[in-house]
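So the structure is just underneath, and the comments pick up after that.
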Amino acid sequence: MTPRYAQSAYQNAIQTTPPLQAVVLLYDGVLIRLRNAVDAANRGDYGEQFNQILRATDILRGLLAALDMKQGGGLSERLRDTYEANMRAMMSSVGRKNAQECLERIADGLRELRNAWSEIAGMPSLETPQATVSPRHEKTQTPV
């Protein structure tokens, strides 16, 4: 997925889903990819771990591209910094022995952001990981 595609996917989601709900769903997508990356790392399948992390970072790039830095001010700057730091940390986890710990820490922070957006959107929180369907594997996965 290219950055242009990620931004296009975000824009398509916005057109078919209320904006705040779309943001929550995009966070859910990142969490699913992180769970898949952890599973792949635990199997020693670093190629799949890398692919799942690329998919997660593409979603974050879409969210990053949608930030309105002028109107959002300090909040947009903090979100930008958070997305960029998380993308770097995800990429650096590939093939490392502590990948699971690193990715779970990232997921915890992103889950907090997701829950803040879900509260604003009137959607349920992910207080504890709940089962979701992985678009790729079509089996029940638990977000990290």
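Would you pick out the residues in the range 43-98 that are over 17 Å from ARG114 (Cα atoms) and of a type in the set (S, T, N, Q)?
Listed by number, the residues that qualify are GLN49, ASN51, GLN52, GLN71, SER92, SER93, ASN98.
Being assigned to a helix (DSSP H, G or I), within 22 Å of LEU25 (Cβ to Cβ) and touching a Ser or Thr at 6+ places or on another chain (Cβ under 9 Å) is the filter here, so list the residues in the range 62-82 that pass it.
Result: GLY62, single match.
So, of the residues in the range 101-144 that are acidic (Asp, Glu) and at pLDDT below 90, which turns out to be nearest to GLY29 (Cα to Cα)? Even if it seems obvious, please write down each step before you answer.
The initial filter retains those residues of the range 101-144 that are acidic (Asp, Glu), namely 101, 104, 108, 112, 119, 127, 138.
From what is left, the residues that are at pLDDT below 90 are 127, 138.
On the way: GLU127: 16, GLU138: 13 Å.
Per the criteria, the residue is GLU138.
Can you pull out every residue in the range 29-75 that is of a type in the set (Asp, Glu), closer than 22 Å to SER8 by Cβ and surrounded by fewer than 19 Cβ atoms within 10 Å (Cβ to Cβ)?
Taking the range 29-75 and keeping what is of a type in the set (Asp, Glu), we get 39, 45, 48, 58, 68.
Keeping just the survivors that are closer than 22 Å to SER8 by Cβ gives 58, 68.
Of everything in the range 29-75, just one residue is of a type in the set (Asp, Glu), closer than 22 Å to SER8 by Cβ and surrounded by fewer than 19 Cβ atoms within 10 Å (Cβ to Cβ), namely ASP68.
Return a yes/no flag: does the range 14-24 have any residue that is within 23 Å of PRO124 (Cα to Cα), touching a residue at least 24 places away in the same chain (Cβ under 8 Å), of a type outside the set (S, T, N, Q) and not in a helix (DSSP H, G or I).
Yes, some residue in the range 14-24 is within 23 Å of PRO124 (Cα to Cα), touching a residue at least 24 places away in the same chain (Cβ under 8 Å), of a type outside the set (S, T, N, Q) and not in a helix (DSSP H, G or I).
The values are calculated or read from the model by the stated rules, or taken from the named source; none is laboratory data. A quick note: this is a predicted structure, and the numbers were derived from the prediction, not measured. Every residue, glycine as well, gets a Cβ built from its backbone with ideal geometry; the counts of neighbours run over all protein chains shown.
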